1. Please specify each residue of segment 243-297 satisfying the condition of being in a loop (DSSP other than H, G, I, E, B), within 22 Å of ALA338 (Cβ to Cβ), hydrophobic (A, V, I, L, M, F, W, C) and in contact with a strand residue (DSSP E or B) (Cβ under 7 Å, 6 or more places away or on another chain).
2. Hey, could you check segment 233-258 for residues that are of a type in the set (A, V, I, L, M) and surrounded by fewer than 20 Cβ atoms within 10 Å (Cβ to Cβ) and say which is nearest to GLY104 (Cα to Cα)?
3. Name the residues in segment 117-152 that are buried (at least 19 other Cβ atoms within 10 Å of the Cβ) and charged (D, E, K, R), would you?
4. Looking at ALA39, ALA12, which one is part of a helix (DSSP H, G or I), among the aliphatic types (A, V, I, L, M), free of Cβ contacts under 8 Å to residues at least 24 places away in the same chain and assigned by TED's automatic domain parsing to the domain that holds ALA129?
5. Every residue in segment 1-32 that is of a type outside the set (D, E, K, R) and closer than 21 Å to THR174 by Cα, please.
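The values are calculated or read from the model by the stated rules, or taken from the named source; none is laboratory data. Predicted model, so just to flag it, every value in this text is computed and none were measured. Heads up, the Cβs are rebuilt from the backbone with ideal geometry, glycines too, and the neighbour counts pull from every protein chain shown.
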Amino acid sequence: MSLNQTNLAELALSIKRWGQELGFAEIRITDVDLSHAEAGLQAWLDAGMHGEMEYMAAHGMKRARPAELVPGTVRVVSARMNYLPRDTENDWRAREQARLADPGAAVISIYARGRDYHKVLRARLQQLADKVKAEIGDFGYRVFTDSAPVMELPLAEKAGLGWRGKHTLLLSRTAGSMFFMGEFLVDLPLPVDQPTGAHCGQCSSCITACPTQAILGPGRLDARRCISYLTIELKHAIPVALRPLIGNRVYGCDDCQTVCPWNKFAQRAVLPDFDQRHGLGHASMVELFAWTEDEFNRKMEGSPIRRIGHQRWLRNLAVGLGNAAAAGARGDAAIVAALLARRDDPSPLVREHVEWALGCHFVQDNGAI
């Protein structure tokens, strides 16, 4: 099919319509020029703020040059998909804050309570690409969902899906930040959309709320201090100085999002994939700490949490249980019993964090364990 400017404009509108039919909240299109983002990326990498995320530096500036990643690319189709579970209450932000205030509660990032978004978005993006192919015939493309060296946030911002908030996440005036993003790179010169501009104003709630002060200033994040990094990306021991600041957050952290005023507009998912599974929105740390490796693998099948493995799961929970013991949580005896049961765990990583957690109880109790 020969595509002129009229055909391309009509195709762009069709892509956006098909995207919504597939469960995406919004589809926008941009070109591939990210030269404005290269200096910031290099400075962040040079400062070592990516920590152990070697993949962030592995491809050099190719991350900011989509046409080098997939030769022939001239446009990026950027998509977002809401992930708040369909039964989310209107006062969900207050509920999340209440969970944080309960020392024995296992707080897991909302996005991780359902199915692995990588699989869901990638499959839907592929279906979208298939629709384009059915319409125009073969074309060059590649779909991504947080799975390749692509600077998806700057691309999404340039496409007009939102703006980078001071916490570095993408914000939408109509949907806050509780959404996933994905994109596919195409060799079609589709008409591009325009950016929206930033709307954070003087608000700095996200910076103030960060438990570990990982947000150094507007748009400046030191991942090495971020609880999401510490509980998900970090493969080794969590720095002792940061453990008390993690509280009961055992997988990820939503604090900068729950305090953001724009998230009063956050939208619920339209797909059942992101509904809460295995009670992860109201589980206790003692309950989850008792899972065997087989239980963990079985219950976390299809979940993003499974990627960290049982050892790091126990590591994170041990830190949370230690903080709960230090806070004199209700059911303290059960917390100590749970920790003692893992004192001889085969994993040195788990044992070290369990000993630290038991030490928190010793300090709080002012006596021997």
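1. Residue satisfying the conditions is LEU280 alone.
2. LEU245
3. Those that are buried (at least 19 other Cβ atoms within 10 Å of the Cβ) and charged (D, E, K, R): ARG124, GLU152.
4. Residue meeting the stated conditions: ALA39.
5. Answer for segment 1-32, where residues must be of a type outside the set (D, E, K, R) and closer than 21 Å to THR174 by Cα: LEU13, ILE15, TRP18, GLY19, GLN20, LEU22, GLY23, PHE24, ALA25, ILE27, ILE29, THR30.
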